1. Can you give the alpha-carbon Rg of segment A:42-159 over 2.2 N^0.38 Å, where N counts its residues?
2. Based only on the alpha carbon positions, what is the Kirkwood hydrodynamic radius of segment B:147-287, in angstrom?
3. Between segment B:175-226 and segment B:228-285, how many Å separate their Cα centres?
4. Can I get the semi-axes of segment A:17-246's equivalent ellipsoid? Compute them from the C-alpha gyration tensor as square roots of 5 times the eigenvalues, in angstrom, largest first.
5. Once the convex hull of the alpha carbons of segment C:168-235 is built, what does its volume come to per residue, in cubic angstrom?
6. Calculate I(q)/I(0) for segment C:1-75 by the Debye formula, one identical point scatterer on each C-alpha and no solvent, and give its log10 at q = 0.17, 0.18, 0.21 Å⁻¹ to two decimals.
7. Considering segment C:45-84, what Rg and Dmax in Å follow from its alpha-carbon atoms?
8. In units of 2.2 N^0.38 Å, what is the alpha-carbon radius of gyration of the protein assembly as shown?
Amino acid sequence: MRVTRTSQAAKIAAILGAGVLVVLIIAPWWAGRADMRLMGELFLYLALASLWNLMAGYAGLVSVGQQAYVGFGGYMLFALTIFAGFPPIVAIAGAGVLGALISVPVALLIFRLRGAYFAIGTWVIAEVFRLSFAQISALGGGSGSSLPVKIVRSMADGRLAREALSYWLALGIAFCVIAAVYMFLRSRQGLALTAIRDNELAASSLGIDIWWTKFIVYVAASALTAMIGALIFLQKLRISPDAAFSVNDWTAFVIFIVVIGGIGTIEGPIIGTLIFFALRETLADLGTVYLMVLGVVAILIMLRAPKGIWGLVRARFDLQLFPLGYRVVSDKVKGD
Amino acid sequence: MDWVNVLVQGALLGGLYALFAAGLSLIFGVMRLVNIAHGDLIIFAAYMGLTVVTFTGLHPLLALVFVIPAMAIIGYVLQIGILNHTLGDDLLPPLLVTFGLSVILQNSLLEIYTADPQKMDAGVLETASFPLGELQLGVLPVLTFGIAVVVIASLQWLFYRTAIGRAFRAVSDDQDIAQLMGLNKSHIFGLAMALALAVTAIAGILLGIRTSFDPSVGGGRLIFGFEAVIIGGLGNLWGTLVGGVILGVAQTVGAKIDPGWQVLAGHVAFLLVLAIRPQGLFPRISG
Amino acid sequence: MDEPLLQITKLNAHYNDFQALYQIDMSLSEGEVLAIIGSNGAGKTTLMRSISGLMSNASTQLRYRGRPFGALRADQVAALGIALVPEGRQLFPSLSVEENLLIGGRLGRKGPWSLENVFNLFPILKERRTLPSTSLSGGQQQMVAIGRALMANPELILFDEISLGLAPVIIKSIYEALPHIVGEGISAMIVEQDISKALSVSNRVYCMQEGRVSLEGVSQSISREDISHAYFGIT
């Protein structure tokens, strides 16, 4: 017997994953423009979903107000490039820093609410952000504004290069978010969070300050979500309060992705994002019906298979592509 | 005098918010469920009222005769059919399932009624007013506030003076022991949701007479109801009325300063209460 | 031979992976008082929870007047006429004394017990009827718990740890009230730590040990030696 963290499946997954990553990196040389746009959007949703999953599936922070940070990040991109003259890339990083800063007082307030009331509290915050940005006339008030052509051009020479850059940025942030979530969940704090989720008793004996850990998760997720928001609106080139702080676009879809894929697993958001986009590409013409179908599927999964599609797969094959905990493996060569 | 008028109008508006909040407070009190679809159910009731009015030509307030029982039945079926299966130690299933319901409801309404704003015509009731001292009070806002007071007083009476209220409190205290008394908790929860949605029906109709509505505004009503609950203190029915009044006053004061600040001022008042007195003004339940 | 009121056949019970009861066989005739004794963790409370429907069982493991009821919910079991006085009283804290009693009687089964008769049995409760149940002493709370079960006019009443945590003088008065209760034609199962008390009020006794029945006998004739063997597992 020996204790190990990795598994054969995880090793194969890592090798395959590296291969897929290389193929994705060179996409500008093999994919069409429409495909690249779609994939760029997919990566941004993947990143949002992974962060929401970290909060809801591990830290017990169920938010229905992540659109607050998506919109905030988007607006910061516009403000920092237009008023401070930052290059877009710097402005994206700046949006992350400012997102972290603003999330601190927000967390101090809404952490006073428990459970489901916390969720609605996050929504109130998003509404406060939306209504506040609608009051700022320099950013277009209620009707919004466009990113000046000069700033767009400053990113890179030529449209192709710009599109490749924004694709790589999306791929890069998705990769960084998943890597960061994975590393965090393997850390002492991360394992403690998983332990709390699975067993209250274990948590109290770990002696880790749970409030502090949740706070760190919230602030980090907010910062990264703000950066994703900046990237989203760098692709869209236009921002308005309703689009920036849309609960459907930035929270409902993300929740459905995670629930369908499998909440509380790293693999879930990946599977969920792929399914979500496959469904969207086939059902998008149905408009509102598409959203209703998603809602029904999410409810059915929550009632019948609360661990989502990845949970079903894992229960059947005992697979774990991102090994988090330690496991005991019987060694067939020599036992002790 | 201008400001007194603003305060009075805000307080009367608070009656409507208290009606939004009462259903939310009731189901949380009985089964610790927070229904994210609550606001969309209010709007759903408004559309149901609109449909009844369109087909029968009844006055919107008389449409309540249909809408209240219909919403109550929907509440019972919803609770027995879906929501009871989500209740347990884990808070995610009820939250995510009601969130899914909210999206389904909103988009169904969009599919049936389109995104065009609608309004119910209540005739002279909408414009009628009467003088009180130097103030001119609208009949509809006063009526709404009066209904809110009656609804909350009735709920309070039901909760603390009747057998079904005893059952609600017993199940809320300890579900297992309540079962031993012959109480079927699924049925009791179903009744609680039926009652909550009956109140929602009243809220929806009054909303639909007062302002125009469209399928997207449910989330906002949920938030107003939720803010009134938290300001007033969890589990306190009269507290929700106070919470609603504070929220209403904050909004009209905000609107008086700048029309764009109406809703924002309400949120700020809520956040202030959360910062200074997170348990609300008159808490009854912890957690 | 008369059909027993309650027949338990090969009853098993689990808490997740932990098995708490193994193949329990018991029977109780109409009008009989059974004592259940055994050390902590022997499975007595689990047995009470199983009979009252708080734990799910296979249908035929439990029969009432010959009718299988193991798969029924607790509220359906209550409607059959089986009432439980749970361990630690477990009154409803947001209900007054009188409301706790009234909720016990909400099934409306016919029988001798009414608010008035419960107040006659425990007069102190009448004085305290409007107080919150949590403001009462432990002994008074146990009276409310017993009264609450009686209000259902049960045919079979289960007492889980009837005297645990109560002052001796209270225990005495509760045991003095017992004959009035079972004298009204109610059968009973009494879980009790105090062996001599248990034997004095019961017709027959079952001793449980580690989830199994380790001894069964007639209360008046069973030997102390056998009991201590069955109780502590000393052989």
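The values are calculated or read from the model by the stated rules, or taken from the named source; none is laboratory data. All of these numbers come straight from a predicted model, not from anything done at the bench. Ideal geometry is used to build each Cβ from the backbone, glycine not excepted, and the neighbour counts take in all protein chains shown. With ligands, DNA and RNA removed, areas are computed over all heavy atoms of the protein, side chains included. Shrake-Rupley method; radii C 1.70, N 1.55, O 1.52, S 1.80 Å.
1. 1.18
2. About 16.7 Å for segment B:147-287.
3. Segment B:175-226 and segment B:228-285 have Cα centres separated by 20 Å.
4. Largest first, segment A:17-246 gives 31, 23, 13 Å.
5. Output value, Cα hull per residue: 97 Å³.
6. -0.63, -0.71, -0.95
7. 8.7, 24
8. 1.10
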